[in-house]
Amino acid sequence: EFSLRKKRPHNDPLIVHICDQKNAERLWDVSEIELKVLRKLGQVFWPGPLTIVARKSDNVPSLICAGTEFVGVRMPNHAVALNLIRESGLCGIAAPSANTFGHISPTTADHVYDDLKDEDVMILHDPSQPSTAGGPNGVGVESTVIKVAAERNGQEENGSKVYVSMLRAGGVSLEAVRSVVSDCGEWNFDVCVHGFSESTSSTETEATVAPGQLLRHYAPKQKTFVTKQRSICSSAEVDSRSTLAQTSNVAVIDFGESLHSLREVCAFYTDLSPSGDVQQAAKNIYSQLRAAEIAVGVQAIILCWPGEGCEGLRFTLRDKMYRASEGKVCNVDQKSVWV
């Protein structure tokens, strides 16, 4: 049913949403050392934008896990969602995001309606709470997905190495995860991150243990590019080019006013954060991508790269831009976009 309505491939796993941390432990089959880390992460980040992946128990059907041995679990920070799970009487509810697969993630009820209005779906919200009455959510991006797995050598687990991997960048930063894991005891922890590049992104035929692993994801319908320019070139500076579009036909999604001079010549202009605040930009990126997608006359979309570094949600913001553009980079001036 999910796959049919979302056009979602069967190799993309579902996240199980819970309302009580004890239910998570019924969904996992893990060692004591793994459980210590899992409990600590849940205590700190739940309810909230963190999905924790660990080895599944027999309580979890393989279909939910795309045939893998791992399941992702999250506790949403939303009264309506928590009440729905609680009233269901179930250990958890396995569910995907409420959009067409691969399309820009929804952050409002209107976004959900735009993607799924032709399907038999119901949108739940609480009109007494402004943030849930069809308004934007509080984070703006998906949950961070963390996988926790220890070495399994049949020996005493004390002293074993625990691997904590970030599988998907999201609303919890890598530094925050590292800080929590470092307080989990004397064991040897290896915290790593799966970066955004073709070599680390899954194909549409590979089964994965977490959603959001494809190179093209969270993407608009138009061709989308990132530019790493911090100022606009003049046409005279460019000897040769392969023109992609005229600037008058593109949407510019700026960051820190780097491309502000294009405001009057492009088809659509917005700035995720004029002050260069990555948290504000992450909160705005999906709503602005959707606004650019439906703007009149837009044939292509340009995203301004937010710079290197991993502090705060900068890594998350780059990941969303990279996947929306499939890693395609361009240059832009007052007249045209080119590579």
Conditions (1) within 27 Å of Ala109 (Cβ to Cβ); (2) open to solvent by 20 Å² or more (accessible area, probe 1.4 Å); (3) in contact with a helix residue (DSSP H, G or I) (Cβ under 9 Å, 6 or more places away or on another chain); number of the one not met by Leu317 = (2)
Complete set of residues in the stretch 14-64 that are within 23 Å of Glu87 (Cα to Cα), more than 23 Å from the chain's Cα centre (by Cα) and open to solvent by 30 Å² or more (accessible area, probe 1.4 Å) = Asp20, Lys22, Glu25, Arg26, Asn59, Pro61
request  = Please find, within the stretch 248-304, the residue that is farthest from the chain's Cα centre (by Cα) out of those that are open to solvent by less than 20 Å² (accessible area, probe 1.4 Å) and aromatic (Phe, Trp, Tyr).
outcome  = Phe255
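Count, please, the residues in the stretch 323-334 that happen to be closer than 15 Å to Tyr269 by Cα and open to solvent by 10 Å² or more (accessible area, probe 1.4 Å).
Number of matching residues: 1.
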Residue satisfying condition, being surrounded by fewer than 20 Cβ atoms within 10 Å (Cβ to Cβ), modelled with pLDDT under 75, closer than 24 Å to Val71 by Cβ and of a type outside the set (A, V, I, L, M, F, W, C), within set Gly159, Gly154 = Gly154
task = Out of the residues in the stretch 319-334 that are part of a loop (DSSP other than H, G, I, E, B) and under 14 Å from Ala300 (Cα atoms), state the one that is nearest to the chain's Cα centre (by Cα).
result = Glu326
message = Any residue in the stretch 26-47 that is touching a residue at least 40 places away in the same chain (Cβ under 8 Å) and of a type in the set (Lys, Arg) sitting within a Cβ distance under 8 Å of a residue that is open to solvent by less than 20 Å² (accessible area, probe 1.4 Å) and not in a helix (DSSP H, G or I)? List the pairs, counting only those 6 or more apart or interchain.
response = Arg26/Ser57; Lys36/Cys184; Lys40/Cys184
inquiry  = Return the residues of the stretch 17-51 that are within 19 Å of Val177 (Cα to Cα), in contact with a Gly (Cβ under 7 Å, 6 or more places away or on another chain) and not hydroxyl-bearing (Ser, Thr, Tyr); say none if nothing qualifies.
reply    = Gln21, Ala24, Lys36, Pro49
Among (1) outside any strand (DSSP E or B); (2) at pLDDT below 85 - the single one Asp190 does not satisfy = (1)
request  = State all residues of the stretch 95-113 that are in contact (Cβ under 8 Å) with a residue 24 or more places away in the chain, surrounded by fewer than 20 Cβ atoms within 10 Å (Cβ to Cβ) and outside any loop (DSSP other than H, G, I, E, B); if no residue qualifies, say none.
outcome  = Ala95, Ala109, Asp110
message = Can you say whether Ala210 is within 22 Å of Glu326 (Cα to Cα), over 18 Å from the mean Cα position of the chain (by Cα) and either in a loop (DSSP other than H, G, I, E, B) or modelled with pLDDT of 70 or more (or both), as far as the supplied structure shows?
response = no
message = When the residues of the stretch 65-81 are narrowed to those that are touching a strand residue (DSSP E or B) at 6+ places or on another chain (Cβ under 9 Å) and surrounded by fewer than 20 Cβ atoms within 10 Å (Cβ to Cβ), which ends up nearest to Gln21 (Cα to Cα)?
response = Ala81
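Output the residue which, of all residues in the stretch 278-314 that are free of Cβ contacts under 8 Å to residues at least 60 places away in the same chain and part of a helix (DSSP H, G or I), is nearest to Arg168 (Cα to Cα). Write out each step before concluding.
Going residue by residue through the stretch 278-314, those that are free of Cβ contacts under 8 Å to residues at least 60 places away in the same chain are 278-281, 288, 291, 294-297, 306-309, 314.
Then keep just the ones that are part of a helix (DSSP H, G or I); that gives 278-281, 288, 291, 294, 314.
Numbers: Val278: 17, Gln279: 17, Gln280: 19, Ala281: 18, Gln288: 21, Ala291: 24, Ile294: 27, Arg314: 13 Å.
For the stretch 278-314, the residue satisfying everything is Arg314.
The values are calculated or read from the model by the stated rules, or taken from the named source; none is laboratory data. What you see is a predicted model, and the numbers here were worked out from it, not measured in a lab. Counting neighbours? That spans all protein chains shown, and the Cβs are built from the backbone with ideal geometry, glycine included. Ligands, DNA and RNA are stripped out before the accessible areas are found, and what is left, the full protein with its side chains, is counted by its heavy atoms. Shrake-Rupley method; radii C 1.70, N 1.55, O 1.52, S 1.80 Å.
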